[in-house]
Amino acid sequence: MLKPLTGLIALLLLTFASVSQSQSYEQLYSDYRGSLYQIRLIELSSNSKAGLGSGFQISTDGLIATNYHVVSEAVHDPDKYTLKYLSVDGKEGELELLDVDVVNDLAILRQKGASGSDFLRLASQSPSKGETIVSMGNPLDLGMTIVPGTYNGIAGGSFYDRIHFSGSINPGMSGGPVINRKGEVVGINVATAGNQISFLVPVDKLVALLLDYKKEASDDNGALELQPVITRQLHKNQQRIIDQILEADWQLRPLGDALVVGEIVPSIQCWGNSTDDEDDPIKQVAKGCTGQDVVYLSEDFDTGRVEYEFFWLEADDDLRSSRFYSAYEENMGGFFPGNSAGEDDVTNFNCKQQFTQHPRNGHGAAKPMGDQQAPQNNEPATPPKATGKRDPVIARTSYCVRRYKDYPDLYDVFYVSLTVDQDNRALVSHFTLSGFTQESATAFTQKFASEIQWH
């Protein structure tokens, strides 16, 4: 127990530290407020705000950094939207979009006309874990705000590097800087999961984008043609992801009579569930796995998703096989692509269905069963005769693709396979890839189907 005098000294020290810290934050804001901007998405027809974010100046010639998702509508529909800035002192002006990094959710803009006089330096070193860093931004159009928090290193469980920040990033703060005590940018606000759990883009991603921009920019106005830039970034990203997945050690987990794929890489997480309703003669055990993050392209279009799931279905022995098959055949209509995309973004799915043979030991690729085709649409199905002991396993398999309209050679791929060689037991396997090349999708499909084994 502290003695009274000792306790008083401790209390005074804590009070002094709190006041000093408050003054330090106030000084940080005072020193760097001139580098901060509100980024406004303006709908041209109404000349009104359609979206808000934050940004910060990074050079003497008026370059401003923000999140890609803050400016994405202006990228996809420049005839409908334009971009403007508002300084903390009330100065307004127009912005020109120069370059983007959709994978890391970053964009570089430039002030039209006179540039601001203040800019922030980009840090060359990461903070120490546990170090206090300060997020700046414009939450809910309430004016610039500072939020102190803790640097917790790069968050795990994602294909994309994100800093785990213990602080509240609120709507409107996206694209704002996060600085250290020296006033150097260590990260860029990007997302929050609530409860003081937020995420930042590491500053080295912005440094890389800035270097690429300076390398690619022309001598006239410096603005890049963004669609080829985005296409190149998406291609490189999907190749990185598929290489990481295919090179991993695929661990199998038991599910019913089968062994199925578990968590391939830490970026993909799996969950399980089961139903055991006494009134339902068909019991179901499910295992679903999905990548934790996607690449944002627009409000209605994301990509870069990897997900797969399995369902083990088992019925009472006295259930007629035809009834069982009809029941689980309904699963074919219960799957849908995991990513959002509209008719302006993608074509309709083109599907091929057929009965396929799968080796029970998982070795070797699945093979189509000659000319025997699975039914299309909702026509009744007549699967091969079930024996319960057939080797190899027989499945009804559907493989669907849809093409990205604006990004050549990228597709969403949709796969569903239902085993049909037993009267009252079946495995349903499914995966979705979004934004992958045909070569990548084919390699994943062959690996996915060949890994499943049977007891």
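The values are calculated or read from the model by the stated rules, or taken from the named source; none is laboratory data. Owing to the predicted nature of the structure, the values given are computational and were not obtained by experimental measurement. A quick note on method: Cβ atoms are made from the backbone with ideal geometry, for glycine too, and the neighbour counts reach across all protein chains shown. Please note that ligands, DNA and RNA were not included when accessible areas were found on the heavy atoms of the full protein model with its side chains. Shrake-Rupley method; radii C 1.70, N 1.55, O 1.52, S 1.80 Å.
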Hey, which aspartates and glutamates would be in cross-link range of LYS447, C-alpha to C-alpha under 13 Å, not counting anything within fewer than 8 residues on its own chain? ASP243, GLU247, ASP249, GLU439
Segment 253-312: C-alpha gyration tensor shape, a/c 1.5 cut-off, then a/b vs b/c: oblate
With all protein chains modelled, accessible area of ASP101 [1.4 Å, Å²]: 20 Å²
Overall dimensions of segment 210-270 as given by Cα atoms, namely Rg and Dmax in Å: 19.7, 65
Among the listed pairs LYS49/LYS214; LYS129/LYS214; LYS236/LYS352; LYS80/LYS112, which are separated by more than 23 Å between their Cα atoms? LYS49/LYS214; LYS129/LYS214; LYS236/LYS352
What does the highest-first list of 36-48, 403-415 look like by mean Cβ count within 10 Å? 403-415, 36-48
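Return the Rg/Rh value of segment 38-151, two decimal places, where both radii are evaluated on C-alpha atoms and Rh is the Kirkwood radius.
Rg/Rh for segment 38-151 comes to 0.98.
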Jot down the radius of gyration and Dmax of segment 187-323, Cα atoms only, both in angstrom. 22.4, 78
Ordered by residue, what ³J(HN,Hα) values in Hz, to whole numbers, does segment 86-100 give under the Karplus form 6.51 cos²θ - 1.76 cosθ + 1.60, where θ = phi - 60° and Gly and Pro are x? 9, 7, 5, 9, x, 6, 10, x, 8, 10, 10, 7, 9, 7, 9
Convex hull of Cα atoms in segment 196-240, direction-averaged projection (nm²): 4.8 nm²
